[in-house]
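J.: The structure follows.
The values are calculated or read from the model by the stated rules, or taken from the named source; none is laboratory data. None of the values given here were measured: they were computed from a predicted structure. These area figures cover heavy atoms from the full protein model, side chains too; ligands, DNA and RNA do not enter into them. Shrake-Rupley method; radii C 1.70, N 1.55, O 1.52, S 1.80 Å.
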Amino acid sequence: MFVVTSEGVIATDPISYVKRDASATYLAEIKKVTDKPVKYVVYSHHHFDHIAGGKPFKDAGAIFISHARAKERLAAFKDPFTVIPDETFVGQRILTLGDTTLELNYVGRNHSDTSLVMRLPKEKIIFAVDFMSVGSFPGPGMIDS
Ligand SMILES: [Zn+2]
């Protein structure tokens, strides 16, 4: 997901683990929608299949945000292809950019112990990835939760 606000863009996961140039394509697609700069990149959780490859966003000046535990894990992994978050939080952070408010909520362990639920309260949109649905059987992607 990316959100265009009056003051810039909030993007989520660069998603370039397998296809290493996907984040450059992602950024190019954002630029087709708006000429505003990407101010923030928010990591949904710390898994590389979602967050690897953020360098084009970092080079463009974006501030990276994640749950505090995600930064701890990424700092330990030292993956050269993954941007270490600049800012972290525990519990909830309210991110306001221009006319838009995006809630970043950690609601407890699910697919990982760093997974966020992002909510745009005015627009009534929720963005969450890889969450296990109630009543479903956990698959092999539950290795760290
Ligand atoms: Zn995951």
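J.: Once you treat every alpha carbon in the stretch 2-127 as an equal point and sum by Debye, what is log10 I(q)/I(0) at q = 0.09, 0.13, 0.17, 0.20 Å⁻¹?
T.: -0.22, -0.48, -0.83, -1.16
J.: With every protein chain kept in place and ligands, DNA and RNA left out, what is the accessible area per residue of the chain? Probe 1.4 Å, answer in Å².
T.: For the chain, the solvent-accessible area averages 52 Å² per residue.
J.: Starting from the Cα gyration tensor of the stretch 28-76, multiply each eigenvalue by 5, take the square root, and state the resulting semi-axes largest first in whole Å.
T.: 23, 11, 9
J.: Using a 1.4 Å probe on the protein heavy atoms, what percent of the accessible area of the stretch 2-127 belongs to carbon and sulfur? Show your work: numbers first, answer last.
T.: Working: 3370 of 6080 Å².
Its accessible area is 55 percent carbon and sulfur atoms.
J.: Which percentage, to the nearest 5, of the DSSP beta bridges contained in the stretch 1-142 is antiparallel?
T.: For the stretch 1-142, the DSSP antiparallel bridge percentage is about 65.
J.: Work out, step by step, the length gained on full extension between residue 78 and residue 32: first 0.36 nm times the residue separation, then minus their alpha carbon distance; give nm to one decimal.
T.: In short, 13.3 nm is gained.
J.: Identify all lysines with a Cα-Cα distance to residue 55 below 23 Å; exclude those on the same chain that are fewer than 8 residues away in sequence.
T.: 19, 31, 32, 36, 39, 71, 78
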